[in-house]
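Q: Okay, here's the structure, questions in a sec.
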Number of protein chains: 2
Amino acid sequence: MKLIKGNFIYSIDKDNIEIKENQYLLVKNGKAEEFYSEVPEKLKDVEVEDYKENIIIPGLVDLHIHAPQYAFRGMGMDMQLLDWLNTYAFREEGKYSDLEYAKKQYSKFVEDVKNSATTRLSIFATLHKDATIMLMDLLEEAGINAYVGKVNMDRNSPEFLTEGMMESKEATIEWLEQTKDRYKNIKPILTPRFIPSCTDDLMQEIEYINQTYNIPVQSHLSENQSEIEWVAQLHPDTNNYAEAYDKYNLFGKENKTIMAHCVHCPDEELDLIKRNNVIVAHCPQSNTNLTSGIAPIKKMLAMGIDVGLGSDIAGGSSLSIFRAMSDAVQVSKLREAMTGEADQILTLSEVFFLATKGGGNFFGNVGSFEQGYEFDAVVLNDESFGDNSNFTFKERLERIIYLSDDRNIVAKYVAGNKVI
Amino acid sequence: MKLIKGNFIYSIDKDNIEIKENQYLLVKNGKAEEFYSEVPEKLKDVEVEDYKENIIIPGLVDLHIHAPQYAFRGMGMDMQLLDWLNTYAFREEGKYSDLEYAKKQYSKFVEDVKNSATTRLSIFATLHKDATIMLMDLLEEAGINAYVGKVNMDRNSPEFLTEGMMESKEATIEWLEQTKDRYKNIKPILTPRFIPSCTDDLMQEIEYINQTYNIPVQSHLSENQSEIEWVAQLHPDTNNYAEAYDKYNLFGKENKTIMAHCVHCPDEELDLIKRNNVIVAHCPQSNTNLTSGIAPIKKMLAMGIDVGLGSDIAGGSSLSIFRAMSDAVQVSKLREAMTGEADQILTLSEVFFLATKGGGNFFGNVGSFEQGYEFDAVVLNDESFGDNSNFTFKERLERIIYLSDDRNIVAKYVAGNKVI
């Protein structure tokens, strides 16, 4: 048990932000228990961490990120998806067959994640089993909580970055067996790269593995028009891209599933996302950098679709989910300005929700300070922005979203454990 | 005289980046003189500043920024232009009648500018003469080079932030007289806030002052549809917004003139911009935050219009012109994605040019390391991004644009003087 003191800001739902000014939060067994204005008699021996004037928010959640692409983030920003994959992403990922290279690059990635405001992630590694396990080890050691996926890909990929179908299946099973019970905070997630990278046979094998091991799924959906046309050619029996996952039972329902992007989903695809309880990872910076477009997030929220945010390193160049929040607001404004459609603009409250409780929902009771939620928290000092004395907490939160970097982070907790 | 050693990257024109790897640049009387691969015999006694593996680029130019809005940057990002002006901008600017308040806020602004990669700015102060002079003093002291404008506004503004017409005229003349010969690096610029803020009589007085004192002009143009309609109502005799400046001879030709935004210029307005040699300050983040839209920069460049970049604090929340560069690329991609028009996407080379030589042109021979250019330079260490050993200089430059912050700045020069 401990008491954390400070100014707490968190989401109740997408339209409501709760502010607990200068209060004590009792954290018990790594979970938020109760707020107090003063320390009650029964808790007077409990240790207090006093963060004074600082602001404490739930840890941020990154629902979509490619760890092996971190090494070249911010490069090749003049290409669209399929060209960019071939020129930059695949070439870099190929290097992760070399464990020494993987260790060097993944260590830098994990160090920077640790120093960021992100506490939970769902990560694409590469197809390499051993490098994927190394990444999982490094994340566990850093105290981060994450789903990590060994990628499956057995077609339409360069020779140096492709598996045989059986090889992919076997490596995936070995990976699951080797990592079973190995971690406290790291879990595996099935990761067929995207439909064009996986043969029908491989998709069947992944379906079988999914039924056997009962683990969640992540992939990409309707990011780019050329990609969507390609999927339609590969699966002429489907009505939309989502059905190409759904026909192998890898699209929600019993399987918790993250689908990244969803920029160009037709209405029937959005309906399927909703019906199957798939969560959308909105990656505004990546969708901008790769000229994919602007996802209709406001429409998804109105439909009751679950949405979180993703950095999508290295389609996105910034690891920061604060940046993803401001990007999400900004591109939603440009969607409204450029299409003339009304009600496209995301509010501060909505993006704060997406980055915390919205994405956190994929991990259980995560992303809020309501009772029973795992205590993921970031303590932020905003003095570097200038005099804040006349600002409300909501205004200070907005400035943190738009202006902060890792220097503003005073402390960070993951499920009650102090990580920095 | 001194010799600066390092890896120099600079623009020749919008399509060509020059790289001088591991060379010495002779700087003489504050100007770039000549590059050498080795120190020639005749210069062997000249002091060498060796920046080793670091990258040296021209100082960045911010063509449009409101200094008094820095204090609330990153707030109120859920409003459009005219509402935002009334709720946030005008209220804050009103406080600058208090010199103590002005000193506190302007000191923070100038400190952050000093620590940024920006070496030249064109700044809006407020209508307050004394606070404007204080800002000029602080900038001079910090070694920054800037145009600063006392704002003129005598209508459509809140009572606490408006002048009488004669009051505005007299304060402007006093300001010009008091600051004459006062600075080495700071110059005045006439700053009618925008057409809706200035009566016809005041515009005539500003025209008269301009003819008397022969100083440049800055203002806003065609940022937002409501604003454009308003200007059309105020000046029913004009064919477009630009003509409302041009009829008072405050739109280029003999007067060097910056017009910020230019998001929604009709073709005839773009023609007038080109004909009169007005330079456009493109402010992508502000145009996004205020849901103004995406300016057609690629079209302007094709027409031969001069363009630079602006942070437009606090419509923009970031002071960084690196951020303005990546924002400019990003919104140009969304312009292409959302309109379907071809050839909208700005290249790395183009935005690097806009941020250096493009905007620098307004200040004379500024923004390049070609012979005779004033030596404005930023020395950048990019080691924090990870291992760069396999990247080209152009790739390293791209990463600096997307990833750097003030921690990456090792040194900065303005017209040959080391500022940090």
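Q: Looking at the range B:411-420, can you tell me whether even one residue there is more than 14 Å from B:Pro58 (Cα to Cα), more than 11 Å from chain A (Cβ to nearest Cβ), surrounded by fewer than 22 Cβ atoms within 10 Å (Cβ to Cβ) and of a type outside the set (A, V, I, L, M, F, W, C)?
A: no
Q: Which ones in the range B:339-372 are away from chain A (no Cβ under 12 Å), more than 15 Å from the chain's Cα centre (by Cα) and crowded, with 20+ Cβ neighbours inside 10 Å?
A: B:Ser368, B:Phe369
Q: Can you find a residue that is away from every other protein chain (no Cβ under 14 Å) and surrounded by fewer than 15 Cβ atoms within 10 Å (Cβ to Cβ) anywhere in the range B:58-81?
A: Scanning the range B:58-81, I find no residue that is away from every other protein chain (no Cβ under 14 Å) and surrounded by fewer than 15 Cβ atoms within 10 Å (Cβ to Cβ), so the answer is no.
Q: Then there's this: Based on this model, can you work out whether B:Ala142 counts as within 19 Å of the chain's Cα centre (by Cα) and more than 20 Å from B:Phe90 (Cβ to Cβ)?
A: Yes: the conditions hold for B:Ala142.
Q: Go through (1) in contact (Cβ under 8 Å) with a residue 12 or more places away in the chain; (2) over 17 Å from A:Pro196 (Cβ atoms) for A:Glu177 and report which single condition fails.
A: With (1) in contact (Cβ under 8 Å) with a residue 12 or more places away in the chain; (2) over 17 Å from A:Pro196 (Cβ atoms) applied to A:Glu177, the lone miss is (1).
Q: Separate question: Consider only pairs whose beta carbons are under 6 Å apart and that are at least six residues apart or on different chains; among these, list those whose first residue lies in the range B:369-392 and is touching a residue at least 40 places away in the same chain (Cβ under 8 Å) and whose second residue is in a helix (DSSP H, G or I) and surrounded by 15 or more Cβ atoms within 10 Å (Cβ to Cβ).
A: From residues that are touching a residue at least 40 places away in the same chain (Cβ under 8 Å), the pairs are B:Leu380/B:Ile400; B:Leu380/B:Asn408; B:Asn381/B:Asn408; B:Asp382/B:Arg396; B:Asp382/B:Ile400.
Q: Do any helices (runs of 4 or more DSSP H) entirely within the range A:47-164 hold 3 or more residues that are assigned by TED's automatic domain parsing to the domain that holds A:Val280 and modelled with pLDDT of 95 or more, and if so, which?
A: In the range A:47-164, the matching helices (runs of 4 or more DSSP H) lie at A:90-94, A:99-114, A:129-142.
Q: Of the numbered conditions (1) within 14 Å of chain B (Cβ to nearest Cβ); (2) in contact with a helix residue (DSSP H, G or I) (Cβ under 8 Å, 6 or more places away or on another chain); (3) in contact (Cβ under 8 Å) with a residue 40 or more places away in the chain, A:Trp84 satisfies every one except a single condition; which is it?
A: The number of the failed condition is (2).
Q: Any residue at all in the range B:327-337 that is on the phi < 0 side of the Ramachandran plot, buried (at least 22 other Cβ atoms within 10 Å of the Cβ), hydroxyl-bearing (Ser, Thr, Tyr) and under 18 Å from the mean Cα position of the chain (by Cα)?
A: Looking through the range B:327-337, none of the residues is on the phi < 0 side of the Ramachandran plot, buried (at least 22 other Cβ atoms within 10 Å of the Cβ), hydroxyl-bearing (Ser, Thr, Tyr) and under 18 Å from the mean Cα position of the chain (by Cα).
Q: Taking the range B:373-406 on its own, how many of its residues are aromatic (Phe, Trp, Tyr), at the interface with chain A (Cβ under 9 Å from one of its Cβ atoms) and over 20 Å from the mean Cα position of the chain (by Cα)?
A: So the count comes out to 2.
Q: Within the range A:383-410, restricting attention to residues that are of a type in the set (Val, Ile, Thr) and in contact with a Phe, Trp or Tyr (Cβ under 8 Å, 6 or more places away or on another chain), which residue is surrounded by the fewest Cβ atoms within 10 Å (Cβ to Cβ)?
A: A:Val410
Q: Sticking with this structure for a sec: I'm trying to understand the selection: among the residues of the range B:8-41, which are within 16 Å of B:Phe352 (Cα to Cα) and not basic (Lys, Arg)?
A: Answer for the range B:8-41, where residues must be within 16 Å of B:Phe352 (Cα to Cα) and not basic (Lys, Arg): B:Phe8, B:Ile9, B:Tyr10, B:Ser11, B:Ile12, B:Asp13, B:Asp15, B:Asn16, B:Ile17, B:Glu18, B:Ile19.
Q: Could you tell me whether B:Ile228 is closer than 24 Å to B:Met134 by Cα, at pLDDT 95 or above and crowded, with 16+ Cβ neighbours inside 10 Å?
A: no
Q: Every residue in the range A:270-300 that is over 17 Å from the mean Cα position of the chain (by Cα), buried (at least 24 other Cβ atoms within 10 Å of the Cβ) and among the small types (Gly, Ala, Ser), please.
A: A:Ser292
Q: Out of curiosity, is B:Asn16 surrounded by fewer than 22 Cβ atoms within 10 Å (Cβ to Cβ), away from every other protein chain (no Cβ under 14 Å) and on the phi > 0 side of the Ramachandran plot? Lay out the reasoning, then the answer.
A: Working: surrounded by fewer than 22 Cβ atoms within 10 Å (Cβ to Cβ): yes; away from every other protein chain (no Cβ under 14 Å): yes; on the phi > 0 side of the Ramachandran plot: no.
Judged against the criteria, B:Asn16 is not a match.
Q: Considering only the range B:90-122, how many residues are under 30 Å from A:Ser349 (Cβ atoms) and under 19 Å from the mean Cα position of the chain (by Cα)?
A: Qualifying residue count, the range B:90-122: 3.
Q: Continuing with this model, one more query. Taking the range B:98-123, which residues are without any contact (Cβ under 8 Å) to a residue 40 or more places away in the chain and either closer than 15 Å to B:Phe322 by Cα or surrounded by fewer than 18 Cβ atoms within 10 Å (Cβ to Cβ) (or both)?
A: Scanning the range B:98-123 gives B:Asp98, B:Leu99, B:Glu100, B:Tyr101, B:Lys103, B:Lys104, B:Ser107, B:Lys108, B:Glu111.
Q: Also, quick follow-up: Is it the case that the range B:172-185 has a residue that's assigned by TED's automatic domain parsing to the domain that holds B:Ile279 and under 29 Å from B:Gly293 (Cβ atoms)?
A: Checking the range B:172-185: not a single residue is assigned by TED's automatic domain parsing to the domain that holds B:Ile279 and under 29 Å from B:Gly293 (Cβ atoms).
Q: Within the range B:236-251, can one find any residue that is in contact with a Phe, Trp or Tyr (Cβ under 9 Å, 6 or more places away or on another chain), free of Cβ contacts under 8 Å to residues at least 40 places away in the same chain and more than 25 Å from B:Leu290 (Cβ to Cβ)?
A: no
Q: Confirm whether A:Asp312 is crowded, with 24+ Cβ neighbours inside 10 Å, charged (D, E, K, R) and within 30 Å of A:Gly74 (Cα to Cα).
A: Yes.
Q: Are any residues in the range A:276-315 out of contact with any Leu (no Cβ under 7 Å at 6 or more places or on another chain), within 11 Å of chain B (Cβ to nearest Cβ) and in a loop (DSSP other than H, G, I, E, B), and if so, which ones?
A: A:Thr291, A:Gly293, A:Ala314
The values are calculated or read from the model by the stated rules, or taken from the named source; none is laboratory data. Since we're looking at a predicted model, the values are computed, not measured. Glycine also receives a Cβ, built like all others from the backbone with ideal geometry; neighbour counts cover every protein chain displayed.
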